[in-house]
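Throughout, read-outs are computed from the coordinates displayed, never taken from laboratory work. What you see is a predicted model, and the numbers here were worked out from it, not measured in a lab. For neighbour counting, all protein chains shown are included, and Cβ atoms are generated from backbone atoms with ideal geometry for every residue, glycine included.
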Amino acid sequence: LRTPLNAILGFSRMLVRDRDVSDDQQEKLGIINRSGKHLLDMIEDILSLSKIEAGHAELRPETFEVAKMLQELGQMMKSRAEGKGLRFSLELDPTLPPYAKADMGKLRQILINLLGNAVKFTSEGGVSLRARALPIADDPSTVTLQLEIEDSGPGIAPKQVKEIFEPFIQAQQIRSSLKGTGLGLAISKSFVEMMDGEISVDSTPGKGSLFRVEL
């Protein structure tokens, strides 16, 4: 699936750089690139879920700088948010440890999925990412990392909150406007549970949502 699609994207990007391409052709090549990138993202989601369901997803712990990873993500999401005229804020609590040992790749994907949804489905207002460390009484060498992603988007109806973590499910408020695979939250939940964590959501229709991850 990925190999032929990457060939399509690669050649269309080469054509974009061709000086003989007209403005009309440039516009059509842009549509090919954007559509191809969207399709590639959906393929990656489906492959990730297939690997999880087959029991082939594994944790790969590594030591990393917590604040640096969150700041890099924040910069990326701030650019996306500002491109839609939204505010973006990153709040790092002083309690955060300088380093942590965890599967940084999966943690990044969890946050990218949650933040990407927040930006995608919010049309006005803003998105916030907050991080803090909570002490564990009987284990001073370990902390609970609490991450919150809050938006001022359409919110989710109470009866749909439990459903949104199921594969291929999207909330009714967003189903008719912006399309996706409906896999991002299912993948995030699976990764959080693999890391012995919890994910939850508080949401009010018309006012926004707050997703909380604790690892």
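List the GluC sites (Glu not before Pro) in region 1-62 that DSSP assigns to loop (not H, G, I, E or B) and whose Cβ has at most 13 other Cβ atoms within 10 Å. Which are they? Let's see the in-between values first.
Values: sites: 27, 44, 53, 58, 62; in loops: 58.
When the GluC sites (Glu not before Pro) of region 1-62 are filtered for loop state and at most 13 Cβ neighbours within 10 Å, 58 remain.
Would you pull out the residues with amide H under 5 Å of residue 127's amide H, same chain only if 5 or more places away, H placed 1.01 Å from N?
Answer set, sorted by chain and number: 87, 88, 89.
Which of 199, 156, 52 ends up with the largest GNM mean-square fluctuation for the chain, with Cα atoms connected below 10 Å?
In the Gaussian network model the winner is 52.
Quick one: Karplus J couplings for region 138-152, per residue in order, coefficients 6.51, -1.76, 1.60, θ = phi - 60°, nearest Hz, x for Gly and Pro?
8, 8, x, 7, 10, 10, 8, 8, 10, 10, 10, 10, 10, 9, 10
Please tell me which of these pairs span more than 19 angstrom C-alpha to C-alpha: 159/207; 51/159; 68/189; 51/162; 120/159; 37/207?
Working: 159/207 16 Å; 51/159 29 Å; 68/189 24 Å; 51/162 23 Å; 120/159 22 Å; 37/207 31 Å.
In this structure, 51/159; 68/189; 51/162; 120/159; 37/207 lie more than 19 Å apart at Cα.
Taking only Cα atoms, what is the 0 to 90° angle, nearest 10, from helix 104-121's long axis to the longest principal axis of the chain?
Taking Cα atoms only, the helix is inclined about 70 degrees.
Rounded to the nearest 0.05, what FRET efficiency do residue 39 and residue 92 have when you use their Cβ-Cβ distance and R0 = 41 Å?
Numbers: r = 35 Å, r/R0 = 0.86.
Rounded to the nearest 0.05, the efficiency is 0.70.
Summing Lys, Arg as +1 and Asp, Glu as -1, what charge do residues with Cβ under 11 Å from the Cβ of residue 167 carry, residue 167 excluded? Don't jump to the answer; show the numbers that get you there.
Working: positive: 189; negative: 45, 53, 163, 166.
Once positives and negatives cancel, what remains is -3.
How many angstrom separate the Cα center of region 43-73 from the Cα center of region 124-168?
17 Å
Measure nothing but the geometry: give the 0 to 90° angle between the long axis through the Cα atoms of 184-194 and the longest principal axis through the Cα atoms of the chain, rounded to 10°.
40 degrees
Would you mind putting 118-128, 89-99 in packing order, based on average other-beta-carbon counts within 10 Å, highest first?
On the way: 118-128: 19.1, 89-99: 12.2.
Answer by packing, highest mean first, reads 118-128, 89-99.
How many percent of the alpha carbon pairs in the chain exceed a separation of 21 Å?
Working: 13887 of 23005 pairs.
Cα-Cα pairs of the chain separated by over 21 Å account for 60 percent.
Compute the acute angle (0 to 90°) between the alpha-carbon long axis of helix 23-53 and the principal axis of greatest extent of the alpha-carbon atoms of the chain; round to the nearest 10°.
40 degrees
Can you give the extra length, in nm with one decimal, that the chain gains between residue 68 and residue 19 once fully stretched, where that is 0.36 nm per residue apart less the Cα-Cα distance?
Working: separation 49, 0.36 × 49 = 17.64 nm, distance 4.00 nm.
Between residue 68 and residue 19, full extension yields 13.6 nm more.
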